[in-house]
Amino acid sequence: MDQIRIIGGKPLNGEIPISGAKNAALPLMAASLLTEGTLSLSNLPHLADISSMAHLLGELGVEISMNGAAPSGGNMGRVLDLTASRISETTAPYDLVRKMRASVLVLGPLLARVGEARVSLPGGCAIGTRPVDLHLKALEQLGAEIELAEGYVNAQAPKGLKGGHVVFPMVTVGGTENILMAAVLADGETVIGNAAREPEVADLANCLVAMGAKIEGIGTDTLKVEGVDALGGADYAVLPDRIETGSYAVAAAITGGELYLKGTRAELIESVIELLGRAGVTFVEETDGIRVSRTNGPLKGVDLMTEPFPGFPTDMQAQFMTLMAVSEGASMVTETIFENRFMHVPELCRMGADINVHGASAIIRGVGALSGAPVMATDLRASVSLILAGLAAQGETVVNRVYHLDRGYERLEEKLAGCGAAIERAAE
Ligand code: EPZ
């Protein structure tokens, strides 16, 4: 197993290309199940989760071919052609789903296209129990018959799905995506209330429209879908990764440097920009990216609560907490989306951070400096928060179990080393 070694204390300066968003790419790939035509996705990041989704879709009968790098000078993104001329299999097996929860996103498209799907229940994960009950209830409202047996969801729609009115009792990104993909081929109109407004949901909706779907209200909390008989292929570029953008913004801030984050957009991370701005970080939006710097003075502690978009993203909470650990004064971080997303706290404390967790909130008292230590990654965003801590710490930090990072950060050590970080990957 690989580990990442970092000698901290070097300000980062330079340019980092931002990759396509993993959490947009995964549902977009699943959308290929909805058509016989070819869905050509560009700006796809090269990540373990993308390979897992390609593997699953391959098992279901989707033909996938790499079509080179992105045209028009994209940020190293790849182009994949996905063609589901025939669905040969409708089961997403436990072995694949347990590796990647987003596998559950094949449920809606399979039901819509062929009227049946058998998908392993994902089970809990490091950050919470993460049930899929809301996905299933919503699909039932479109006429799906669903049974749970032997750890699998068995879903049938023998007469096809029918449009309906779905109101989610809480905001769910994956639930909104699954029901949206089901509704585009259902008979009649579907209204999705309290829909997730995350940019990745809008990216999926825009791609579905490019494939011939009829969707109104994209980017709002009410999506109106008029079902169509069939969708066609399309060429679509995945939006930039807002969480990768935010993570590297914290890297610039925590090392007292300046980074140009190329290929990303400020509108995707306004809540992050607002909060980091209050902490003392400067953002300037330029033609094809964002310049982030913290060159004048220390950082200040500020409070934060995670919320669905457009609120502060839970996927940036761990990185923000690392920044607060070395800021002046105290700050409070409250996590409202997942019940167990403070796994990075004990590891940060081993590096000298002063953090106390009380239920869903953590009080962070800023310390002058962190010290390097061997630490263990527990999930994707916790891993990157430890990398950020290592960049700021005095001495050497060794982050173990970096396979978590490889699920969501493309060429992380190469991007950071290119801006002056002393970072390398080594075999454990
Ligand atoms: C997506 O997960 C992201 N994953 C997560 O990114 C992200 O943290 C999360 O949205 C919130 O923004 C992908 O897009 C692949 P939810 P998802 O359904 O869709 C509860 C990362 O690090 N819930 O919006 O699974 C759930 O337990 C990851 O890249 C139910 O109770 O998240 C959670 O508390 C991790 N029942 C809350 O809703 C359900 O049926 C929000 O989850 C569905 C969700």
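The values are calculated or read from the model by the stated rules, or taken from the named source; none is laboratory data. Computed from a predicted structure; not experimentally measured. FYI the Cβ positions are ideal-geometry reconstructions off the backbone, even for glycines, and counts take in every protein chain you see. Calculation scope for accessible area: heavy atoms of the full protein, side chains included, ligands and nucleic acids excluded. Shrake-Rupley method; radii C 1.70, N 1.55, O 1.52, S 1.80 Å.
Okay, here's what the table says:
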{"read-out": "Qualifying residue in region 138-153 (condition: farther than 25 Å from P240 by Cα, free of Cβ contacts under 8 Å to residues at least 60 places away in the same chain, in a helix (DSSP H, G or I) and within 11 Å of the ligand (Cβ to nearest atom))", "value": "yes"}
{"read-out": "Those residues of region 173-212 which are surrounded by fewer than 21 Cβ atoms within 10 Å (Cβ to Cβ) and either near the ligand (Cβ under 9 Å from one of its atoms) or closer than 16 Å to L107 by Cβ (or both), in sequence order", "value": "V173"}
{"read-out": "Some residue of region 309-317 being in contact with a Lys or Arg (Cβ under 6 Å, 6 or more places away or on another chain), open to solvent by 10 Å² or more (accessible area, probe 1.4 Å) and within 19 Å of G246 (Cα to Cα)", "value": "yes"}
{"read-out": "Segments classed as strands (runs of 3 or more DSSP E), wholly inside region 279-362, with at least 2 members that are within 16 Å of the ligand (Cβ to nearest atom) and either in contact with a Cys (Cβ under 8 Å, 6 or more places away or on another chain) or more than 19 Å from G390 (Cα to Cα) (or both)", "value": "330-334"}
{"read-out": "Pair list, Cβ under 7 Å, 6 or more apart: region 293-304 residue without any contact (Cβ under 8 Å) to a residue 12 or more places away in the chain and within 20 Å of I364 (Cα to Cα), other residue in a loop (DSSP other than H, G, I, E, B) and open to solvent by less than 20 Å² (accessible area, probe 1.4 Å)", "value": "none"}
{"read-out": "Filtered residues of region 245-304 (kept if modelled with pLDDT of 95 or more and of a type in the set (S, T, N, Q))", "value": "T245, S247, T255, T264, S271, T282, S293"}
{"read-out": "Residues (in a strand (DSSP E or B) and either open to solvent by 60 Å² or more (accessible area, probe 1.4 Å) or modelled with pLDDT of 95 or more (or both)) located in region 66-79", "value": "M66, N67, A69, R78"}
{"read-out": "Residue check, G174 part of a helix (DSSP H, G or I) and modelled with pLDDT of 95 or more", "value": "yes"}
{"read-out": "Whichever residue in region 363-385 is of a type in the set (V, I, T) and not in a strand (DSSP E or B) and, among such residues, is surrounded by the fewest Cβ atoms within 10 Å (Cβ to Cβ)", "value": "V367"}
{"read-out": "Condition broken by A389, with the remaining ones in (1) part of a strand (DSSP E or B); (2) closer than 30 Å to L44 by Cβ satisfied", "value": "(1)"}
{"read-out": "So T220, is it part of a loop (DSSP other than H, G, I, E, B) and either without any contact (Cβ under 8 Å) to a residue 40 or more places away in the chain or open to solvent by less than 10 Å² (accessible area, probe 1.4 Å) (or both)", "value": "yes"}
{"read-out": "Those residues of region 111-137 which are at positive phi and either modelled with pLDDT of 95 or more or assigned to a helix (DSSP H, G or I) (or both), in sequence order", "value": "G115"}
{"read-out": "Residues of region 1-55 classified as open to solvent by 10 Å² or more (accessible area, probe 1.4 Å), within 23 Å of Y260 (Cβ to Cβ) and not in a loop (DSSP other than H, G, I, E, B), total", "value": "7"}
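Residues checked against (1) of a type in the set (F, W, Y); (2) within 16 Å of the ligand (Cβ to nearest atom); (3) under 13 Å from the mean Cα position of the chain (by Cα):
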{"position": "Q3", "(1), (2), (3)": "no, no, no"}
{"position": "G14", "(1), (2), (3)": "no, no, no"}
{"position": "S19", "(1), (2), (3)": "no, yes, yes"}
{"position": "L26", "(1), (2), (3)": "no, yes, yes"}
{"position": "L56", "(1), (2), (3)": "no, yes, no"}
